[in-house]
Amino acid sequence: MGSIRLPGKVMMPIKNYPLMHYVMNQIKKCENTKILVATSTSKKDDLIENYIKKLNFEVFRGNENDVLDRYYQCAKKKCAKIIVRISADSPLIDHKIIKECINKFEKNDFDYLSNTIKKINNVWVEDFNGFPKGYAVEIFRFSALERAWKESFEPSDREHVTEYIWKHPEIFKLGNYENNVDYSNYRLVVDYPNDFKLIKEIIKNFPKNTIFSLTSIVKFLEKNPKLAKINSL
C-alpha cells in the first residue's frame, strides 16, 4: 500500500474488485504451486492481509523496506526450496508464461531464471525478452536467496530481492526465457496513474472472471491502438 508512485495501487478497484484480485485470479491457474502473498508489517498493509485471507490464500508479513529479508524469512518459514516471484502490480500476468518458465527451470540446473534478463556480449543485463512490462517472472532456489540475503548490503539489492543473484553470474547459474514475438512496446504493469487507466480499460472490455492471456491482450490492443498510447513513454 505504500507505493510512492501510485499509493494504494494494489487495492484500487476495477469492476468492483481490487487490482490484487486480478493478480491472484491469474496465478491460481498454476498447478502444483503454493501461493502466498508477502507483504509488510506496516499497519496500512492490514488491508491487503484481510483481503487476501478472504480469498483463502496465505499471507506472510515482514520488513517493509528490506524486501530481500522479507522474502528470505518467508521462504525459510515455509521451507520453500524453489520460489517463483510475481509482482502484485502485474494484474494480467499470463499463467502459461509462468508455467513455461517453471518448465525450463526444472529441465536445467539453474539457480535463477527470469524473462527479465538476457546475456549480451557475455554480460547479463536487464531485458524484456519480447514481453510487455508487467509480465515479469523470476524463479530461484532458496540456496541462492539465502546467499544473497547473507552477502548483499547495497540498498538496491535489499529492495529488489534478486539483483545480487543475477548480477553475480560467477556465483550463480543463470538462465532466461524469451518470447518468440516482440511485444515489449506495451506497458501492462501498474506503476503510474496512466498505467492503471489502461489496465482498467482493458479489464472492463473482457467478461467477468476472464483468465487473460498475453495473446488475447495483444489482439485487443491491436484493434484499439489508441488505448496503448494512454501510458506510452
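Bear in mind these aren't lab numbers, they're just calculated from the coordinates by the rules spelled out. The structure presented is a predicted model; accordingly, all values stated were derived computationally and were not measured. Note: ideal-geometry Cβ built from the backbone for every residue, glycine included; neighbour counts use all protein chains shown.
What the table shows:
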{"read-out": "Residue satisfying all of: in the stretch 124-150; closer than 16 Å to Val67 by Cβ and acidic (Asp, Glu); surrounded by the fewest Cβ atoms within 10 Å (Cβ to Cβ) among these", "value": "Glu146"}
{"read-out": "3 or more residues more than 17 Å from the chain's Cα centre (by Cα): qualifying helices (runs of 4 or more DSSP H) within the stretch 148-233", "value": "193-204, 214-223, 225-228"}
{"read-out": "Of all residues in the stretch 52-99 being over 16 Å from the mean Cα position of the chain (by Cα) and small (Gly, Ala, Ser), the one that is surrounded by the most Cβ atoms within 10 Å (Cβ to Cβ)", "value": "Ala75"}
{"read-out": "Lone qualifier among Ala75, Ala38, Ala88 - being in a strand (DSSP E or B), in contact with a helix residue (DSSP H, G or I) (Cβ under 6 Å, 6 or more places away or on another chain) and among the hydrophobic types (A, V, I, L, M, F, W, C)", "value": "Ala38"}
{"read-out": "Filter result for Glu58 (touching a residue at least 12 places away in the same chain (Cβ under 8 Å), closer than 19 Å to Leu214 by Cα and among the acidic types (Asp, Glu))", "value": "no"}
{"read-out": "Selected residue (only one of Asp69, Asp94 is touching a helix residue (DSSP H, G or I) at 6+ places or on another chain (Cβ under 9 Å) and farther than 25 Å from Tyr192 by Cα)", "value": "Asp69"}
